[in-house]
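Working notes, beginning with the structure itself.
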Amino acid sequence: MRSLWVAVGLGLFACGDVQKVPDAAIPDAYAPDSPNMLTCGAGEMVCNNTCANLMTSELYCGNCNTQCSPTQGCLNGTCVPANTSCMRVRELDPAAPDGLYRNPNNDAIFFCDFTNTRTIDGVFMGQFDATYSGYNLVKFEELSTEQYQQAFIAFYNRQGGLPLLANWVSGNCCYATTGGMILHFGGSILYPSTGSSFSCNPVSPGYTGGPWRPYHVSTSAVLNPPLPQNYFTANAVTQDNQCTVAQNPGFFWRARNNLN
């Protein structure tokens, strides 16, 4: 055996007593303590027999003893409130897609349009030519894009329709947008509906309550939720000026052009 041979050689050529070293004390090669020892990737370490990235793991955040609460995420090794904004969503998950998110700290719902760097907090109904602080009239150009269509469907289904921003008496009932143009879904003029049939130009006090749901005039069908995710594939958004514009209803976003 090699270790024994080394010890004998030393005894022949060196002066004095030579203490022999047992075979087991000179291993031939490194062997792990256990055949099941974990091999973790770059940036990870073993915590409780599992590999964890201490910068992002909610079970092992910063060290093997810190677990984030259900309302927190792990950001750079520190537990922070989760999903408080679209910015925080992306900080915790750089690959997070466009879509609807929930803030677990207050149960608020918001849509992150990362593609256009925009946050949308809801879709509503109001008088198209009125001003509502913090709200923007939905434009035809916006509702013709995939991200805004996703947001419209997500909130429509979540809210059960379109919450009303204020009461008013309408002079007409086609949904209007910028430039006095009228929005169509699938080529059909839309009237407001309370859920079973259209409710055009309600008498004083006018439009109240809700949530309101558009009514397809051409098909006599109410857009009762849930709308399918491919709704706008079969019902393209179009517009024209065939309706009189007089305090008409309109769709509004509560939206801002940032992720905060």
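Please treat every number below as a calculation from the coordinates, not as lab data. Since we're looking at a predicted model, the values are computed, not measured. With ideal geometry, Cβ positions are generated from the backbone for all residues, glycine too; neighbour counts draw on all protein chains shown.
List of remarks:
- Placing unit charges on each Cβ (+1 for Lys and Arg, -1 for Asp and Glu) gives the chain a dipole about its Cα centre, and among 172, 211, 187 the Cα reaching farthest toward its positive end belongs to 172.
- Counted over the chain, the DSSP beta bridges are approximately 100% antiparallel.
- Gyration tensor (alpha-carbon) shape descriptor, the chain, a/c threshold 1.5: prolate
- 222 nm mean residue ellipticity, helices alone, for the chain (DSSP H n ≥ 4; -39,500 (n - 2.57); rounded to 500): -4500 deg cm²/dmol
- Shape of the stretch 124-186 from the C-alpha gyration tensor: oblate (a/c of 1.5 or more and a/b not above b/c, with a ≥ b ≥ c the square roots of its eigenvalues).
- As a proxy for reagent exposure, 254, 102 were ordered by neighbouring Cβ count within 10 angstrom, fewest first; the result is 102, 254.
- For residue 195, the residues whose amide H sits under 5 Å from its own are 213, ignoring neighbours fewer than 5 places away on the same chain, with H placed 1.01 Å from N.
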